[in-house]
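All remarks here apply to the structure that follows.
The values are calculated or read from the model by the stated rules, or taken from the named source; none is laboratory data. Keep in mind that what you see is a predicted model, and the values were worked out from it rather than measured. Backbone-built Cβ (ideal geometry, glycine too); neighbour counts: all protein chains shown.
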Amino acid sequence: MPSELDCRGLACPAPVLQTKQKIEKEHLSEINVIVDNQAAKENVSRFLENQKFIVVVEQKGVDFCVHGTRTGTSHAPGQPLVKESQPHRKKIMVMVGTDRMGHGDDELGAKLLFNFLKTLKEMGPELWRLVFVNNGVKLAIEGAEALPVLKELEGEGVSILVCGTCLNHFNLLEKKKAGETTNMLDIVTAMQLADSVINI
């Protein structure tokens, strides 16, 4: 019988952290994690998949039961939770916490940030990961002017992470059209793996 973890009512990144701690402490190969929101469901599912679990999600009323089963070689505790796509190349991570650049005129700020995102590809293969938090998540949703730019970067192999707590806060989770929904544990791990982090 799988071990069960009730993470209802917990804010990000608590469901993922508690799942990680329980798996590592009890050396689990099977676990059920109960969560009560879409972002937690996606974050826990992605974490378990990164830990080599086969994941099945079942909705029970307003809750989700994320069932993970791992067979064969286990993922060693302490290994990075985020996949390294280019381990032998310098990795630059850009964290975007706003939908405009600078202070003053908001319309100008929005244009500047759009142009910044369009120009990012000039970094070449060193551009490793884009992380969107707070108001920045609005750049990755349906109808956003920057969405085609993000899709192009994604198509060229740039990893894009979008904060699930932030999407939930703005009621935009269902409108996200670029990147993977993420949590603070993934963001902190990405910072550790990056050679440099640029904050906007």
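Quick notes on this structure:
- Residue-level analysis places G157 among those that are at pLDDT below 95, in a loop (DSSP other than H, G, I, E, B), farther than 21 Å from F47 by Cβ and more than 14 Å from the chain's Cα centre (by Cα).
- Residue satisfying condition, being modelled with pLDDT of 90 or more, in contact with a helix residue (DSSP H, G or I) (Cβ under 7 Å, 6 or more places away or on another chain) and not acidic (D, E), within set V82, V56, V137: V137
- Scanning segment 96-114 for residues that are in contact with a helix residue (DSSP H, G or I) (Cβ under 8 Å, 6 or more places away or on another chain) and touching a residue at least 12 places away in the same chain (Cβ under 8 Å) yields V96, G97, T98, D99, R100, M101, L113, F114.
- Whichever residue in segment 135-163 is within 16 Å of D186 (Cβ to Cβ) and out of contact with any Lys or Arg (no Cβ under 9 Å at 6 or more places or on another chain) and, among such residues, is surrounded by the most Cβ atoms within 10 Å (Cβ to Cβ): C163
- Residue match in segment 60-73 (condition: modelled with pLDDT of 90 or more, within 23 Å of I187 (Cα to Cα), crowded, with 18+ Cβ neighbours inside 10 Å and under 22 Å from the mean Cα position of the chain (by Cα)): yes
- In segment 176-196, the residue that is nearest to the chain's Cα centre (by Cα) out of those that are surrounded by fewer than 18 Cβ atoms within 10 Å (Cβ to Cβ) and in a strand (DSSP E or B) is E180.
- Of residues in segment 24-43 being aliphatic (A, V, I, L, M) and at pLDDT 90 or above, the one surrounded by the most Cβ atoms within 10 Å (Cβ to Cβ): V33
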